[in-house]
Amino acid sequence: MDSIKISYDTSCWIQNTYAWACRLFAHRWAVFYLFTDYFGLAADPCCWGVLSAHVAVFRNPNRPIPQQDNQLVYAPADGKVVVIEATEETEYFQDQRLQISIFMSPLNVHVNRSPFGGTVAYVKYHPGKYLVAWHPKSSTENERATVVINNGITPILLRQIAGAVARRIRTYVHANQPIQQGDEFGFITFGSRVDIFLPLDAAVKVKIGDTVRGNVDVLAEVR
């Protein structure tokens, strides 16, 4: 691991805080240890509990796509399937779509991945409320980000939704950007929910209550 240069001069502690935070994602283990050791907290079980939770939240396991096929719609997130229903999608399609929703608990991997490859056609962030993620209105009233991907045959819509605990959504893509099946397109800190809107004639491969993993399990097949 690259060496880390961190100043311990308490007179410039405030200035160093930002630098520490920037390094946190790349070197979270070492920074956490040095920080807690400096303040005499390294032996505190609570501190190691915080570290364990942090590492669990930001883990990003290698997940190669088992079979590259743009007719197969892979799960965009880890979690439990909580909704499979036809519904009116009012933001982009403005017509009936098949909605599949995945609830991500704080214990799940929080990386969001592209269900298939193509071009990002639309990206929009919406500020909003922080209702619990399983609330029916969370899809339209909570803080959320919408991403539409078109594979040249059919577009699908992905919606990252913040919940009562998850209050930070990151979306890495922008409109007109090419994206490969399985690429990371975002992240929701501490879990929450991802909705995916498919054509009504999509062949669903999962059922409510199923546990799925991003880039591993197929949600549906589009024709």
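The values are calculated or read from the model by the stated rules, or taken from the named source; none is laboratory data. Computed from a prediction, not measured in an experiment: that's the story for all the values here. Ideal geometry is used to build each Cβ from the backbone, glycine not excepted, and the neighbour counts take in all protein chains shown. Side chains included, ligands, DNA and RNA excluded: accessible areas come from the protein's heavy atoms. Shrake-Rupley method; radii C 1.70, N 1.55, O 1.52, S 1.80 Å.
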Indicate the gyration tensor shape class of the stretch 115-223 (rounded, prolate or oblate), computed on the Cα atoms with a ≥ b ≥ c the square roots of the eigenvalues: a/c under 1.5 is rounded; otherwise a/b larger than b/c is prolate and the rest oblate. oblate
Per-residue SASA entry for Lys207, accessible area with 1.4 Å probe, Å² rounded to 10: 130
Please give the peptides 142-151, 175-184 ranked by average Cβ packing (other Cβ atoms within 10 Å per residue), highest first, as a rough proxy for protection. 142-151, 175-184
Per residue of the stretch 103-110, in order, report the coupling 6.51 cos²θ - 1.76 cosθ + 1.60 (Karplus, θ = phi - 60°) as ³J(HN,Hα) in whole Hz, putting x for Gly and Pro. 8, 9, 7, x, 8, 7, 5, 9
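Considering only protein heavy atoms and a probe of 1.4 Å, how much of the accessible area of the stretch 81-142 is carbon and sulfur, as a whole percent? Display every interim value, and only then the final one.
Working: 1630 of 2900 Å².
Within the stretch 81-142, the accessible surface is 56 percent carbon and sulfur.
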Here is the link list: Lys80/Lys205; Lys129/Lys205; Lys129/Lys207. Which ones come out longer than 25 Å on Cα distance? Lys129/Lys205; Lys129/Lys207
Prolate/oblate/rounded label for the stretch 178-223 (Cα gyration tensor, a/c 1.5): oblate
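Around Arg213, with a cut-off of 9 angstrom between Cβ atoms, what is the net charge of the other residues, counting Lys and Arg +1 and Asp and Glu -1?
Working: positive: Arg63; negative: Asp78, Asp217.
Here the count lands on -1.
For Glu221 and Phe93, compute 0.36 nm times the residue count separating them, minus their Cα-Cα distance, and round to one decimal in nm.
Numbers: separation 128, 0.36 × 128 = 46.08 nm, distance 1.91 nm.
Taking Glu221 through Phe93 to full extension adds about 44.2 nm, to one decimal.
For a protection proxy built on the mean count of beta-carbon atoms within 10 angstrom, sort 197-206, 107-116 highest first, please. Don't jump to the answer; show the numbers that get you there.
Values: 197-206: 16.4, 107-116: 23.9.
Top of the packing list down: 107-116, 197-206.
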For the residue pair His174 and Lys205, what label-to-label distance in nm results when each label sits 7 Å from Cα along the Cα-to-beta-carbon direction? 3.3
Given a 1.4 Å probe, how much area per residue of the stretch 96-223 is accessible, in Å²? 41
